[in-house]
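Readers should treat all values here as calculations from the given coordinates under stated rules, not as data from a laboratory. The structure displayed is predicted, hence computed values, not measured ones. Here the Cβ positions follow ideal geometry from the backbone for every residue, glycine too, while neighbour counts run over all protein chains shown.
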Amino acid sequence: MSAAVCDSGPLTHLWQIQQWPAFAVFSEVHVANQVAVEVRNHVDLDQFMTMTSCQLALHPVDQAALEKGWNLVGSSDQLQDADIATLVLALHLMLPLVLTDDLALRRALEELGMMPMGSVGLLLRACAAALLTAEQLRQAIDDLFVHSTLYLSPVFRSFVQREVEKALRHR
Amino acid sequence: MSIAAIAPEIQMSAAPLSRAISFLVEYTRQDEATILANALRSGLELLYHQAVEQAYVDEQLPQAEAVAALGSARVAELDYAKQALLADIERGLRL
């Protein structure tokens, strides 16, 4: 079991496809308050621990810490305060694994030597941990592209399906 | 092709379509033929870009041709998204 920092994407997208139980691969998920505020607009975050058996820890990230985070990544018109709060929180907690579906945040995290993972990776991990069967994984991936607001263009749907099949065959 | 010949799941119903055309004629002060020609051009461009993206992601189209159609920035975005998904799949099963 392990811990991760999470931004709004996986929390929202996996909620939309009813796959929050996949978060049970972690013992703890840490979320910045700025992200929690954003997520609560779409999702009932209070149900998280009941549905996942995973601890959810919310953390304040103050303005001074945010400014330091912005200084680390430089200016970007694609990142928001909630993204920077996620990055700062991961650095503060020294947790390299950050769950995000945001490509701009992903780039920033990689440049700082951290390890981002998106909703697709989280579903694969749930399958590896036997929380999802291969068939449930296929359905969840399909739902992610059809029923969630995932940023990814639908052109990636068949690509991901193919690559997941390859990975399942070779594991 | 008439609107009625388009599959029901993809057609905009006749009333909103004529309302949209009337609004565009009045608001843009362009005639109906010009608006329909622009709509056809915009629609084709959108479909073309979608098809090029799909062909590129599916490795059915060389990068140079994708860049020529979509621009280098969009192709770089597609490349990064593809690499991110592959990393997620690999990490997901490994961790």
(request) At least 3 residues that are over 18 Å from residue A:8 (Cβ atoms) in each: list the helices (runs of 4 or more DSSP H) lying fully within region A:42-112 that qualify. (result) A:63-73
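Among the residues of region A:79-121, how many are more than 23 Å from residue A:62 (Cβ to Cβ), among the acidic types (Asp, Glu) and crowded, with 20+ Cβ neighbours inside 10 Å?
So the first thing to find is which residues in region A:79-121 are more than 23 Å from residue A:62 (Cβ to Cβ), and the list is A:97, A:101, A:103, A:106-107, A:110-111, A:113, A:115-121.
Adding the requirement that they be among the acidic types (Asp, Glu) leaves A:101, A:110-111.
Add one more test, that the residue is crowded, with 20+ Cβ neighbours inside 10 Å, and what stays is A:101.
Number of matching residues: 1.
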(request) Give B:55, B:64, B:69, B:73 a once-over and let me know the one that is within 12 Å of another protein chain (Cβ to nearest Cβ) and either part of a helix (DSSP H, G or I) or on the phi < 0 side of the Ramachandran plot (or both). (result) B:55
(request) Six or more apart or on different chains, Cβ under 6 Å: which pairs go from a residue in region A:92-117 that's among the polar types (S, T, N, Q) to one that's part of a strand (DSSP E or B)? Could you list them? (result) A:100/A:116
(message) One residue is enough: does region A:123-143 have a residue meeting the conditions in contact with a Pro (Cβ under 8 Å, 6 or more places away or on another chain) and facing chain B (nearest Cβ under 9 Å)?
(response) yes
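Out of A:28, A:67, I need the residue that is in contact with a strand residue (DSSP E or B) (Cβ under 7 Å, 6 or more places away or on another chain), among the charged types (D, E, K, R), free of Cβ contacts under 8 Å to residues at least 40 places away in the same chain and over 19 Å from residue A:102 (Cβ atoms). Which one? First the steps, then the outcome.
Details: A:67 fails: in contact with a strand residue (DSSP E or B) (Cβ under 7 Å, 6 or more places away or on another chain).
When all the criteria are applied, what remains is A:28.
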(message) Could you tell me how many of the residues in region A:122-144 are surrounded by fewer than 20 Cβ atoms within 10 Å (Cβ to Cβ) and closer than 18 Å to residue A:15 by Cβ?
(response) 5
